[in-house]
Amino acid sequence: MDCRALTLNDVSRLLAFYQSLTPKVTDTYQPFREITEKVMREHLEGVSAGNHLSFALEDGGAIVGHSFIINIHGMISN
């Protein structure tokens, strides 16, 4: 397995990961307000803007886990 930072190029793969989870999992943990392409794109645009960190755990090229920290803008120095 590999862990890597996500980019805007990963919108469809991230969406597929969340769509593969059961409603019980997404309802319980509510990682996002909705599981849609628009929401995934907005999240990854926030990554590109430096507002969020977002990482995927991958197995054979498929995303099998996702971790993120939102609204970190200004907390990380370059």
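Brief remarks on what is shown
- Being open to solvent by 70 Å² or more (accessible area, probe 1.4 Å) and without any contact (Cβ under 8 Å) to a residue 12 or more places away in the chain holds for only one residue in T26, T22, and it is T22.
- On the stretch given as the stretch 22-40, residues that are touching a helix residue (DSSP H, G or I) at 6+ places or on another chain (Cβ under 9 Å), at pLDDT below 95 and not in a helix (DSSP H, G or I) total 4.
- For the stretch 11-58, the set of residues classified as closer than 15 Å to N71 by Cβ and among the aromatic types (F, W, Y) consists of F32 only.
- Counting residues in the stretch 41-51 that are loosely packed, with under 12 Cβ neighbours inside 10 Å, over 9 Å from the mean Cα position of the chain (by Cα) and in a loop (DSSP other than H, G, I, E, B) gives one or more.
- The set of residues from the stretch 36-61 being farther than 16 Å from Q19 by Cβ and of a type in the set (K, R) is empty.
- Residue count, the stretch 54-65 (criterion: open to solvent by 60 Å² or more (accessible area, probe 1.4 Å) and under 9 Å from the mean Cα position of the chain (by Cα)): 1
The values are calculated or read from the model by the stated rules, or taken from the named source; none is laboratory data. None of the values given here were measured: they were computed from a predicted structure. Cβ sites come from the backbone with ideal geometry, for glycine too, and all protein chains shown count toward neighbours. Surface accessibility is based on the protein's heavy atoms, side chains included, excluding ligands, DNA and RNA. Shrake-Rupley method; radii C 1.70, N 1.55, O 1.52, S 1.80 Å.
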